[in-house]
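**Student:** First, the structure itself, so that you have it in front of you.
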Amino acid sequence: MKKPRISVIGLGFVGLSIAVTNTKKGFITKGVDVDKTKIKNLKKGMPDFFEPNLQICLKKSLKSGLVEFTTNLEDSLLNSELSFLCVGTPSLKDGSMDLSYIKSATKRIYDILKNKKRYHLLVIKSTVLPQTTTKEIIPVFKDLIKKEKMDVVTNPEFLREGNAISDVLSPHLIVIGEYNHKSGKLLENYYRKFYRKLPETIHTNITTAELIKYANNAFLATKISFINSLANLCQNLPGTDVNMIAKAIGKDPRIGPLFLQAGPGFGGSCLPKDLLAIINFSQKFDNAGILFKAVDQVNKNQPKRVIFLLDKMKLLHPKKTISILGLSFKKNTDDIRMAVSISIVKDLIKKGVKIKVYDPMAMENFRQLFFKKVTYCASINECLKDSDCCLILTEWDSFRKIAPNQFSKLMKKPNIIDARRILDPTKFSNFNFHAIGLGE
Ligand code: UGA
């Protein structure tokens, strides 16, 4: 059977990763976005964010001639059989979901598909709250669905930033939310062509598929807030170490070892946003969101733990200089959306502390937010020089390699706060060393 031609609508992390991996697998692919500058840069092989292996894949896609980046939605839909809708669903001020991108995209898609002769499958990749597809998306296409000219399926995405390409190429699961067997089977057949061996696949109804996505992210967030709560206990119990507790409980197969890394709190464009959306959504149903609220509360307080430590060390003073290593919300990305570095730097600025920052990838994004309020350093050493305290906020591999004498030679005072637990405390016995979840 012939491979379907693909269009990907919305070229953020999810959309662009899907577009370039599809061409890698030999699918003719159109990548569509309303942002003209983004499209211009993609045509030149330049993504507007950093993601490991993305640029190489993008260049190979362009070279293969299978991909076309365009702002022309009509041409893309008319010349493809299957579309992935990957536009963003950001939060509004009250935490609820902003559906404006979804709504305007579906309206435009409808206006084009109503004139298309052949069948089209629209796959919703965007993270949308339960019942969004059945109440907001499907009604737009009702007459086309009735005439069997198209179908809509939901297919939540579980890729992580920093691992996007490899996650698309080997997902742990495919979830297909369908209202009829035909549409779900069509998507499954596409995946059979994409993967040599079909990954584990769950077929379910649309609303369940939507909720699976939120359940996944809310559970991951819960694990992190759980271990951070324990970290905060450990901090007050001399001789205890949250990492040892995580190691021990992680051996229980019912718990598992992943997402038990204590730290300054989770950030990024997904976990915090999806948690807020599910809290807001749950408000309609008595106290259904009580656990999610607690998870969010723990996370909001977590960066304050770092400030508390600095206060205890008497470093929140205008005469002190603090070096921050790590600005991105996690390693291997330049993304600073909802990164803890932002709230911590804001608090430090209020205290009048001098701040030096360094990150291997996120400097430019940080500069756009803080301009001249902090000093931007070109290297780890420049950042550590003459500092009163080093604060590690992201777990970049290059920070793990910093030797104790590198800190002591460069810094004015040997004060270290390891908020990511990447340094071995036993090597820092001559330092004033503090770490999240390490009893003092
Ligand atoms: C998250 C999910 O992991 C993906 O499965 C999902 O597809 C994605 O959201 C999404 O909804 O699009 P991502 O935001 O890229 O992926 O990042 P994560 O790896 O989940 O990390 C989120 C935050 O949690 C980071 O700040 C990270 O440092 C923190 N974290 C993670 C911890 O503090 N401890 C841990 O043990 C793990």
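The values are calculated or read from the model by the stated rules, or taken from the named source; none is laboratory data. All values reported here derive from a predicted model rather than from experimental measurement. Note that each Cβ is placed from the backbone with ideal geometry, even for glycine, and that neighbours are counted across all protein chains shown. Side chains included, ligands, DNA and RNA excluded: accessible areas come from the protein's heavy atoms. Shrake-Rupley method; radii C 1.70, N 1.55, O 1.52, S 1.80 Å.
**Student:** Would you list the helices (runs of 4 or more DSSP H) that sit entirely within region 342-440 and hold 2 or more residues that are among the hydroxyl-bearing types (Ser, Thr, Tyr) and touching a Pro at 6+ places or on another chain (Cβ under 6 Å)? First the steps, then the outcome.
**Tutor:** Numbers: elements: 363-370, 380-384, 397-400, 404-410.
Counting at least 2 such residues, we get no helices (runs of 4 or more DSSP H) at all.
**Student:** Could I ask something else about it? Within the group Ser76, Ser61, Ser91, Ser126, which residue is open to solvent by 20 Å² or more (accessible area, probe 1.4 Å) and touching a residue at least 24 places away in the same chain (Cβ under 8 Å)? If you could, list the steps in order and put the result at the bottom.
**Tutor:** On the way: Ser76 fails: open to solvent by 20 Å² or more (accessible area, probe 1.4 Å); Ser61 fails: open to solvent by 20 Å² or more (accessible area, probe 1.4 Å); Ser126 fails: open to solvent by 20 Å² or more (accessible area, probe 1.4 Å).
Selected residue: Ser91, the only one of Ser76, Ser61, Ser91, Ser126 that is open to solvent by 20 Å² or more (accessible area, probe 1.4 Å) and touching a residue at least 24 places away in the same chain (Cβ under 8 Å).
**Student:** If you check Lys409 against the conditions, is it away from the ligand (no atom under 16 Å from the Cβ), surrounded by fewer than 20 Cβ atoms within 10 Å (Cβ to Cβ) and more than 23 Å from Cys270 (Cα to Cα)? Break it down into steps so the answer makes sense when it comes.
**Tutor:** Working: away from the ligand (no atom under 16 Å from the Cβ): yes; surrounded by fewer than 20 Cβ atoms within 10 Å (Cβ to Cβ): yes; more than 23 Å from Cys270 (Cα to Cα): yes.
Judged against the criteria, Lys409 is a match.
**Student:** Listed residues Leu309, Leu233, Leu237, Leu315; which is without any contact (Cβ under 8 Å) to a residue 12 or more places away in the chain and more than 25 Å from the chain's Cα centre (by Cα)?
**Tutor:** Working: Leu309 fails: without any contact (Cβ under 8 Å) to a residue 12 or more places away in the chain; Leu237 fails: without any contact (Cβ under 8 Å) to a residue 12 or more places away in the chain; Leu315 fails: without any contact (Cβ under 8 Å) to a residue 12 or more places away in the chain.
Residue meeting the stated conditions: Leu233.
**Student:** Can you name every one of the helices (runs of 4 or more DSSP H) wholly within region 1-89 that holds 2 or more residues which are within 25 Å of Lys330 (Cβ to Cβ), of a type outside the set (Lys, Arg) and out of contact with any His (no Cβ under 8 Å at 6 or more places or on another chain)?
**Tutor:** Details: elements: 13-24, 36-43, 54-64, 73-78.
Answer list for region 1-89: 13-24, 36-43, 54-64.
**Student:** Let me ask another. Among the numbered conditions (1) farther than 25 Å from Gly267 by Cβ; (2) within 12 Å of the ligand (Cβ to nearest atom), tell me where Thr133 comes up short.
**Tutor:** (2)
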